[in-house]
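Remarks on the structure that follows.
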Amino acid sequence: MDHMNYLIDMDGVLISGKTMIPGAREFIERLTARNIPFLVLTNNSIYTPGDLAHRLQLIGLPIPRERIFTSAMATARFVQSQHPNGSAFVVGESGLTEAIHDAGYVLTDMRPDYVVLGETHSYNLERITRAVRLVAAGAKFVATNPDPTGPTDEGIVPACGAMAALIERATGKSPFFIGKPNPFMMRSALNYLGVHSENTVMIGDRMDTDVIAGVESGMGTILVLTGVTRREDVSRYPYQPTRICASVAEIEV
């Protein structure tokens, strides 16, 4: 049988906060040693792939930048496919602004084609207000990911989905969310890797983003129990993972 390719969620699967999950390095080393195509996925649009690769290497995970795919990259591919070489007003960090620039877009607050909302270290009310006015004036509203909160060492913080709700409430216009669980993120990652869904497996720690996105994209799915989902939670979902593993340490490739 031909080998499988892997799309691997990052948070809760390979890392937890700022620490590596036991067995993650060995799993990545097994994939690398066998030349098995894989991508590490994240809904977080703050960092560029190069920044993320550096952060992962510092905690002991040898993942090169070309093996990392973010919701910012998927968002840039989406706007470029819909409206090539357009313009956008971006609320976000370098991970998002670089991806949108690299797609051939101009960043502007003057009559942009899109308002693109991502994660940021600190939401600036002036920029959010500008985004509200531009969306109200007719700019198309796209957001990198629907997560309402994100984890930090001090507790949860409001994330892209929460800010998107503010803009939606102020304008009456709903955003199109690109990141998981939108299958667009999966399709985009499969295209980037140059593989097909039928011989690719999604590995994730969440039933409501990773597993559903894998199921909706026609991939096999492995749920690992090192993140938010517990084994007893799984049965209440109408869709099920192909396999459940305690961690990536159990996955043979």
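I'm checking my understanding of the structure. Among residues of segment 8-36 that are of a type outside the set (Gly, Ala, Ser) and under 18 Å from the mean Cα position of the chain (by Cα), which one is surrounded by the fewest Cβ atoms within 10 Å (Cβ to Cβ)?
Ranking the candidates gives Lys18 first.
Can you report the number of residues in segment 106-131 which are touching a His at 6+ places or on another chain (Cβ under 9 Å) and in contact (Cβ under 8 Å) with a residue 24 or more places away in the chain?
Residues meeting the conditions: 2.
Being under 25 Å from His3 (Cβ atoms), in contact with a Gly (Cβ under 6 Å, 6 or more places away or on another chain) and touching a residue at least 40 places away in the same chain (Cβ under 8 Å) is true for just one of Val248, Val224. Which residue is that?
So the residue among Val248, Val224 that is under 25 Å from His3 (Cβ atoms), in contact with a Gly (Cβ under 6 Å, 6 or more places away or on another chain) and touching a residue at least 40 places away in the same chain (Cβ under 8 Å) is Val248.
Return only the number of the condition from (1) assigned to a strand (DSSP E or B); (2) touching a residue at least 40 places away in the same chain (Cβ under 8 Å) that Ser45 does not satisfy.
Failed condition: (1).
Hey, among the residues in segment 209-253 that are at pLDDT 95 or above, surrounded by fewer than 19 Cβ atoms within 10 Å (Cβ to Cβ) and acidic (Asp, Glu), which one's farthest from Ala189 (Cα to Cα)?
Checking each candidate, the answer is Glu232.
If I ask for residues that are modelled with pLDDT of 95 or more and assigned to a loop (DSSP other than H, G, I, E, B), which ones from segment 120-158 would you list?
Scanning segment 120-158 gives Ala137, Gly138, Ala139, Thr144, Asn145, Pro146.
The values are calculated or read from the model by the stated rules, or taken from the named source; none is laboratory data. All values derive from a computational prediction rather than experimental measurement. No Cβ is skipped: glycine too gets one built from the backbone with ideal geometry, and neighbour counts run over all protein chains shown.
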